[in-house]
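The values are calculated or read from the model by the stated rules, or taken from the named source; none is laboratory data. Note that the structure is predicted; figures quoted are calculated from it, not measured. Note that we place each Cβ from the backbone using ideal geometry, even for glycine, and neighbour counts take in every protein chain shown. Remember, those area values only see protein heavy atoms, side chains included, never the ligands or the DNA or RNA. Shrake-Rupley method; radii C 1.70, N 1.55, O 1.52, S 1.80 Å.
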Amino acid sequence: MSTLTVTIDRLGSQGHGIAEGSNGPIYVPYALPGESVAIARNGDHGTIMSIAVPSPDRVKPPCRHFGPDSDACGGCVLQHLADSPYHSFKRDLVVHAMRSRGMEPPVRDLVICRPGERRRVVLSARQTEKEFLLGYNRAETNHIFNVVECPISSPGIVGQLDAIRAIAKSLVTGSEIIRIAVLETLVGLDLAVDGLKPLGEKHRRSVTETVLSLRGIARLSVNGEILIEPQKPKVDFGGVTVTPPPAGFVQATKPAEEAMAELVLAHVGKSKRVIDLFAGSGTFSLRLARRAKVHAVEGDDKAIRALDTAARNTQGLKPVTVEKRDLFRRPMIVSELKNFDAVVFDPPRAGAEAQMRELARSSVKTVAAVSCNPVTLARDLKILVDGGYQIKEVTPIDQFLWSPHVEAVALLVR
């Protein structure tokens, strides 16, 4: 390890400052372009010791857990960057990803995210010799710190940290680390725990009593099994009420979900027959069904059942059919796609390369692409462009505030 002073040239894709060293780039977390910083260098990684010349874009972080000290939270990376350059950074992630594939589509301004909008977080918990820990991992480690505030999370989650802690403490009997997926729903928190050994009957009763003694807990599941459900968790997808499965995927913020849905609906327009690939529990399918016949395809059995149940119990929707199918192993082929006017797809971070190769050969006129990974989105869109599609526009959406992650919605036409 050596100590030196460097000038930060730019931000990398992970939000770290990058300085050019004598033998390659040095990545410096919490540093900003234009700053002169003294660092302790270890290989291509630098730890800030002091800031000699701060950037005019540096602002005071809103969270006590953020920063380059040993107790820093590993969730946010850009709380110290002013709004305007931060928004530009997020938009540029999409621009650069497209450019890396030789594409220059119109990229709209970023749809911004605000503090307190996050309705879905994942916490970790464990019992140590000294204390019980509930929180996130410290930056670049697997060590948990006790969280007492979280400006990205909704007040409904932050206000229930003590209740979540009590439930976690009732579950843990040894030194194991458990993960708790927390979703704020319309009727209370939905908690999904994994990492626990099977609970004995006495332990189950004790945990159940703990949950019943608390207010605002809709459901607790452990390793996929519902332990107690005082109320069925409910989320709203454009006026359709859905009960997602335990730990099921739901967009992290409601405003981002609504922005994505608005774009998708506008893109699809007056299409009469729409196929929704990687449909989840119906984020887009159930909204689309207000105006079009929808075929929803999803590989997760519990998610597709939740979608089907919601569609069957909601009046005013056009026909919704569902299909459980692993689109990575068995993508929809050209002969199946010919029956649809528009395709919507929202795959996991890995993207949908195999499905795109089939779609590129199809005659579907309109495609609405949703992605949480600009790199795989650019790869997938390039396949469609090479197959004859034209990208009309791409809209970046900041769903994960102060992180290096950004969503995007793209419209393509043939």
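Contact map, region 136-156: first residue within 16 Å of L401 (Cα to Cα), second residue among the acidic types (D, E) and at pLDDT 90 or above, Cβ cut-off under 9 Å, separation 6 or more or different chains; pairs are I152/E117; S153/E117; S153/E184; S154/E117; S154/E184. Of all residues in region 220-234, those that are at positive phi have Cβ atoms under 8 Å from Cβ atoms of residues that are assigned to a strand (DSSP E or B), 6 or more apart or on another chain, in N223/V193; N223/D194; G224/A192; G224/D194.
Does D380 fit the bill of being assigned to a loop (DSSP other than H, G, I, E, B), modelled with pLDDT of 95 or more and within 25 Å of the chain's Cα centre (by Cα)? So D380 does not fit the description; no.
Here is a yes/no grid of residues against (1) under 14 Å from P404 (Cβ atoms); (2) part of a strand (DSSP E or B); (3) modelled with pLDDT under 95:
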residue: G34; (1), (2), (3): no, no, no
residue: I39; (1), (2), (3): no, yes, yes
residue: H65; (1), (2), (3): no, no, yes
residue: L78; (1), (2), (3): yes, no, no
residue: S84; (1), (2), (3): no, no, no
residue: F89; (1), (2), (3): yes, no, no
residue: L93; (1), (2), (3): yes, no, no
residue: A97; (1), (2), (3): yes, no, no
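Scanning region 204-235 for residues that are outside any strand (DSSP E or B) and hydroxyl-bearing (S, T, Y) gives S206, T208, T210, S213. Among residues of region 176-185 being of a type outside the set (A, V, I, L, M, F, W, C) and in contact with a strand residue (DSSP E or B) (Cβ under 6 Å, 6 or more places away or on another chain), the one that is most open to solvent (accessible area, probe 1.4 Å) is R179. With respect to the stated conditions, V121 is on the phi < 0 side of the Ramachandran plot, in a strand (DSSP E or B) and either out of contact with any Ser or Thr (no Cβ under 8 Å at 6 or more places or on another chain) or open to solvent by less than 70 Å² (accessible area, probe 1.4 Å) (or both).
In this entry, D190 passes the filter for residues that are among the acidic types (D, E), assigned to a strand (DSSP E or B), open to solvent by less than 50 Å² (accessible area, probe 1.4 Å) and farther than 30 Å from D341 by Cα. When region 298-333 is limited to residues that are over 24 Å from the mean Cα position of the chain (by Cα) and open to solvent by less than 40 Å² (accessible area, probe 1.4 Å), the one that is farthest from I275 (Cα to Cα) turns out to be T314.
Scan region 99-112 and tell me whether some residue there is closer than 13 Å to P29 by Cα, without any contact (Cβ under 8 Å) to a residue 12 or more places away in the chain, assigned to a loop (DSSP other than H, G, I, E, B) and not basic (K, R). No, region 99-112 contains no residue that is closer than 13 Å to P29 by Cα, without any contact (Cβ under 8 Å) to a residue 12 or more places away in the chain, assigned to a loop (DSSP other than H, G, I, E, B) and not basic (K, R). In summary, T173 fulfils each of the numbered conditions (1) at pLDDT below 95; (2) more than 15 Å from A125 (Cβ to Cβ); (3) among the hydroxyl-bearing types (S, T, Y) with the single exception of condition (2).
Yes/no matrix, rows are residues, columns are (1) open to solvent by 20 Å² or more (accessible area, probe 1.4 Å); (2) under 30 Å from L263 (Cα atoms); (3) under 24 Å from the mean Cα position of the chain (by Cα):
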{"site": "I51", "(1), (2), (3)": "yes, no, no"}
{"site": "P56", "(1), (2), (3)": "yes, no, no"}
{"site": "V59", "(1), (2), (3)": "yes, no, no"}
{"site": "F66", "(1), (2), (3)": "yes, no, yes"}
{"site": "L78", "(1), (2), (3)": "no, yes, yes"}
{"site": "A97", "(1), (2), (3)": "no, yes, yes"}
{"site": "S100", "(1), (2), (3)": "yes, yes, yes"}
{"site": "M103", "(1), (2), (3)": "no, yes, no"}
{"site": "R108", "(1), (2), (3)": "yes, yes, yes"}
